[in-house]
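What follows draws every value from the coordinates through simple rules; no lab data is involved. Since we're looking at a predicted model, the values are computed, not measured. Every residue, glycine as well, gets a Cβ built from its backbone with ideal geometry; the counts of neighbours run over all protein chains shown.
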Amino acid sequence: MLEEKIVYQIYPIGLCDCYYPNDFKSPPQEKIKIIGKWIPHIKDLGATTVLFNPLFESIYHGYDTKDFFSVDRRIGTNTSFRKLVEEIHLSGMEVMLDGVFNHVGREFSAFKDLKKRKGTSRNINWFKNVDFGSNNHYNDGFSYDNWNGHDSLVKLNLGNHEVVEYIFDVVEFWIKEFGIDGLRLDAADCLDTEFIKELNNFTRNLKKNFFLVSEVIHGDYNRYINNRESQSVTNYECYKGFYSSLNDKNMFEIAYSLNRQYGNGGIYRDKVLLNFVDNHDVSRIATAVDSSFYLYPIHILLFTVPGIPSIYYGSEWGIEGVKDDSDRKIRPYIDIENVESTAKNRDLIKTIKKLIEIRKNSSALKYGDYTEICKEAQFFSFKRRTEKEKVIVFVNTSESEYHFNSVNETGKYRDVLNDEEIVLNGNDDVKVPAFWGRILLGEC
């Protein structure tokens, strides 16, 4: 079930400290061993699924693919990656890969043939809107559609059946050679809808429980997440609300988004979105928030709201990093053997580990509906409920203890975050420490 997943995201080219650019001549580095050292930590943290951003042969950052069938020599080999996936599976976790199918790099074989043969190339129709009456930044003598204005990222023509068949061969190879369990579809809002439908059907026939997560930033997520296409979508709406609600002392923002998505009549009430507080494309959450104290209430929210929680490697220790043009500060090498002793926020990981355990043991937090209880500038409370269990969540983002007045709930509860028993009689004050929360679990 999607609701049971806890995703741990790794950007391999950064974590493996790969050099730029790839010379395509050096022997494989086998830095994949660096990732292998992280597997016990990821398992111990409580994750169920490891998501790898691009790790196939590319020029720079992985999104400019040269060869979808070969693991990037800066990271390792197909053999070493297959062994890593086997190790992850033996640890009881799944593996997702980043499917970058909207565009390729300029070293991609079909594009190199187009540069060489120009109008006589049989690969002209592999790429979108090739125009020999125009030019590009590399002075190739023709232009083409790219991703977001970057000529280094050449847009594939997914309306070409030959291109689609090629991508399906790639995905089949990944499933059969490495045994992967799912895909994150990069730039899914740029992909043809019919392509996603065909890919979903193709992968489900190869592997019964294979799942697709579409990367979508803006717009209606219902366009992408349904039985015929993706099973989940990146929840950028709540990502923004998570940190800006705390920074602006305006919990009304995240409350509005959650109610819009999951409340009574919510537009995604029957959907499972991928929630995150940072990833490889945005500033680290420890940098994005105005105070390191905010890291605690923001993660309490992440692991108690509907959806799939996702953690970005290193952020469980409050690793900092601001997004810039190179993105290397948010995609760093981290020494797993020394990060604990050098981290600025050593207690955060303990909280995250406990929150994951709480979520895994609660049917209401995984499957329950969502009902807002109250909201103020720095205080927020909501309820999750199934037929047999209910959970009441209180979040205090202020620097002082806060009393949630006249909580209209009754019954005996276990505060699983603070290991306390609480009885509510329908008109109680619930005290919540500064920058903290309460998670009350009880029977319906």
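Loop-located trypsin sites (Lys or Arg not before Pro) in region 221-267 (DSSP state other than H, G, I, E, B) with a sparse environment of at most 14 neighbouring Cβ atoms within 10 Å: Arg228, Lys249. Among Tyr8, Tyr243, sorting on how many other beta-carbon atoms sit within 10 Å of each Cβ, with the fewest leading, yields Tyr243, Tyr8. For region 1-70, trypsin sites (Lys or Arg not before Pro) meeting the loop criterion (DSSP other than H, G, I, E, B) and having at most 16 other Cβ atoms within 10 Å: Lys25, Lys37. Approximating the spin labels as points 7 Å out from Cα along Cα→Cβ, the Phe132-to-Ser244 distance works out to 4.7 nm. The alpha-carbon atoms of the chain, seen along their principal axes, cover 79, 47, 39 angstrom, with the largest extent given first.
I need Cys374, Cys18 ordered by Cβ neighbour count within 10 Å, fewest first. With the sparsest Cβ surroundings first, the list reads Cys374, Cys18. Note on region 100-255: percent of Cα-Cα distances in each 5 Å bin, starting at 0 and stopping at the bin with the largest distance, equals 2, 8, 16, 17, 15, 13, 11, 9, 5, 3, 1, 0, 0. Specify the inter-centroid distance of region 50-124 and region 154-197, based on alpha-carbon positions, in whole Å. Centre-to-centre distance over Cα atoms comes out at 12 Å.
Would you mind ranking Tyr239, Tyr294 by Cβ crowding within 10 Å, fewest neighbours first? Mind showing how you got there, number by number?
On the way: Tyr239 23, Tyr294 20.
By the 10 Å Cβ count, ascending, the order reads Tyr294, Tyr239.
Each semi-axis of the equivalent ellipsoid for region 230-387 is √(5λ) with λ an eigenvalue of the Cα gyration tensor; in descending order they amount to 27, 17, 16 Å. Residues in region 150-193, backbone N under 20 Å from the label point at Ile217 (7 Å along the Cα-to-beta-carbon vector): list them, ranges by number please. Residues 150-156, 184-193 fall inside that zone. Remark: C-alpha extents of region 58-124 on the principal axes read 51, 21, 20 Å, sorted largest to smallest. Under the simplified labelling scheme, the Glu177-Ala434 pair shows an inter-label distance of 5.5 nm, with each label point 7 Å from Cα along Cα→Cβ. Note on the chain: helix-only mean residue ellipticity at 222 nm, from DSSP H runs of 4+ residues weighted -39500 (n - 2.57) and normalised by residue number, equals -7500 deg cm²/dmol.
Convert 37 °C to kelvin, take the viscosity as 0.692 mPa s, use the Kirkwood radius over C-alpha pairs of region 366-443 as Rh, and evaluate the Stokes-Einstein diffusion coefficient in µm²/s, rounded to a whole number.
Details: Rh = 12.5 Å.
The Stokes-Einstein estimate is 262 µm²/s.
The value for region 168-279 of Rg(Cα) / (2.2 N^0.38 Å) is 1.20.
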